[in-house]
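*Asks:* Please see the structure below; I have some questions.
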Amino acid sequence: MKTITAALLLCAASQSYAAKPAPYEAKDYSSLTAYGIFSSTMLENHFKLYRGYVTNTNALLERLDALEREGKAGSQEYGELKRRFGWEFNGMRLHELYFGNLGPSPLPSGSKLRAALAAQHGSFETWQESFLALPKVRGIGWAALVYDRPSGRLFNVWINEHDSGVPAGAEVVLVMDLFEHAFITDYQLDKAAYARAFWAAIDWGEAEKRFLGK
């Protein structure tokens, strides 16, 4: 009896392990329109683009899985799709982090993030100046504050084309989308004006939680 029970448990565990993960689902950020941060038109277009990354990430995973089952993991198609995966996945995840850190909310009283930034840069305002210099970089990409938890260091980084520029293992604390679709509808080519609007719309409570690992 014990042998049969053990076999059944082993079989169930095997089936659970082999269960196919559910597809990624696009999150709903429509509540951001109520804040009046950016125009509804620009936000709706941005949400649509984000949903495209979710769709493409799922499609890539499906196709890669099919190629593996067909024994074509060494094919040229498989290799090219593997190269593409990081771009689509990061496009999805960075947009989620971006929308997630919007919604005007001040830094909490006694913020540990503020204290850490001030300790590393001399003052919070000095760090702010450094971060807001990133939108001046020519080209498309993302401006991000990332945290290297093992060393306790925070870095302002430029992320290029989603999948290039994030230090390995670093956690995104704050991120600003600097692709044209993020600002051109409301601000045309005035990235500085967009950066000021973004700064005024940061959900610092969310950034604090990310920094604390909550």
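Read-outs throughout are calculated quantities, based only on the coordinates presented, and are distinct from any laboratory measurement. These figures come from a predicted structure and were not determined experimentally. Here the Cβ is made from the backbone with ideal geometry for all residues, glycine too, and neighbour counts use every protein chain on show.
*Asks:* Can you list the aspartates and glutamates whose alpha carbon is less than 13 Å from that of residue 112, not counting same-chain residues fewer than 8 positions off?
*Replies:* 206, 208
*Asks:* Rounding to the nearest 20 debye, state how big the charge dipole of the chain is about its Cα centre with +1 on each Lys and Arg Cβ and -1 on each Asp and Glu Cβ.
*Replies:* Values: 23 positive and 24 negative charges, 113 e Å.
The calculation lands at about 540 debye.
*Asks:* Could I ask something else about it? Would you mind checking which residues have amide H under 5 Å from residue 203's amide H? H placed 1.01 Å from N; only 5 or more apart, or other chain.
*Replies:* The answer is 102, 103, 105.
*Asks:* Would you look at the GNM of the chain, springs on alpha carbons closer than 10 Å, and say which of 105, 130, 75 moves the most?
*Replies:* Highest fluctuation of the listed residues: 75.
*Asks:* Let me ask you something else. So what are the ³J(HN,Hα) numbers for region 137-146, from phi and the Karplus equation (6.51, -1.76, 1.60; θ = phi - 60°), rounded to whole Hz, Gly and Pro as x?
*Replies:* 5, 6, x, 9, x, 9, 9, 9, 9, 10
*Asks:* Using each residue's phi in region 30-39, evaluate 6.51 cos²θ - 1.76 cosθ + 1.60 at θ = phi - 60° and report the 3J(HN,Hα) Karplus result to the nearest Hz, with x for Gly and Pro.
*Replies:* Couplings: 4, 4, 5, 5, 6, 7, x, 5, 10, 5 Hz.
*Asks:* Mind checking the angle between helix 2-18 and the chain's longest principal axis? C-alpha axes, 0 to 90 degrees, to the nearest 10.
*Replies:* Once rounded, the angle reads 40 degrees.
*Asks:* To the nearest 10 degrees, how steeply does helix 112-121 sit against the main Cα axis of the chain, on a 0 to 90 scale?
*Replies:* 70 degrees
*Asks:* Also: What aspartates and glutamates does residue 209 reach when the alpha-carbon gap must be under 18 Å and sequence neighbours fewer than 8 apart in one chain are set aside?
*Replies:* 96, 148, 171
*Asks:* What FRET efficiency, computed as 1/(1 + (r/R0)^6) with R0 = 35 Å and r the Cβ-Cβ distance, is obtained for residue 75 and residue 171, rounded to the nearest 0.05? It would help to have the intermediate numbers written out before the result.
*Replies:* Values: r = 35 Å, r/R0 = 0.99.
Rounded to the nearest 0.05, the efficiency is 0.50.
*Asks:* Under the rule of at least 5 residues apart or a separate chain, name every residue whose amide H is placed under 5 Å from the amide H of residue 153.
*Replies:* Here the answer is 148, since their amide H atoms fall under 5 Å of that of residue 153.
*Asks:* While we're looking at this one, here's another question. Taking the Cα centroid of region 32-55 and of region 151-199, what is the distance between the two, rounded to the nearest whole Å?
*Replies:* Here the answer is 16 Å between Cα centres.
*Asks:* While we're looking at this one, here's another question. In vacuo Debye scattering of region 112-212, one point per C-alpha: log10 I(q)/I(0) at q = 0.11 Å⁻¹?
*Replies:* So the normalised log intensities work out to -0.32.
*Asks:* Please give the calculated 222 nm ellipticity per residue for the chain, where each DSSP H segment of at least 4 residues contributes -39500 (n - 2.57) and the sum is spread over every residue; nearest 500 deg cm²/dmol? Walk me through the intermediate numbers first.
*Replies:* Values: 8 runs with 113 residues, N = 214.
Taking each H run of at least 4 residues, the total per residue is -17000 deg cm²/dmol.
*Asks:* Please name which of 140, 118, 181 has its Cα lying farthest along the dipole of the chain towards the positive end, using unit charges on Cβ (Lys, Arg +1; Asp, Glu -1) and the Cα centre as origin.
*Replies:* In the chain, that residue is 118.
*Asks:* I would also like to ask the following. If the elastic network links every pair of Cα atoms under 10 Å, which of 34, 22, 182 fluctuates the most in the Gaussian network model of the chain?
*Replies:* Highest fluctuation of the listed residues: 22.
*Asks:* Going Cα to Cα from residue 20, which lysines come in below 30 Å? Please leave out same-chain ones fewer than 8 positions away.
*Replies:* Here the lysines satisfying the reach criterion relative to residue 20 are 2, 48, 72, 82, 214.
*Asks:* Using Cα springs under 10 Å in a Gaussian network model of the chain, which residue among 93, 196, 69 shows the largest mean-square fluctuation?
*Replies:* Its mean-square fluctuation being the largest, the pick is 69.
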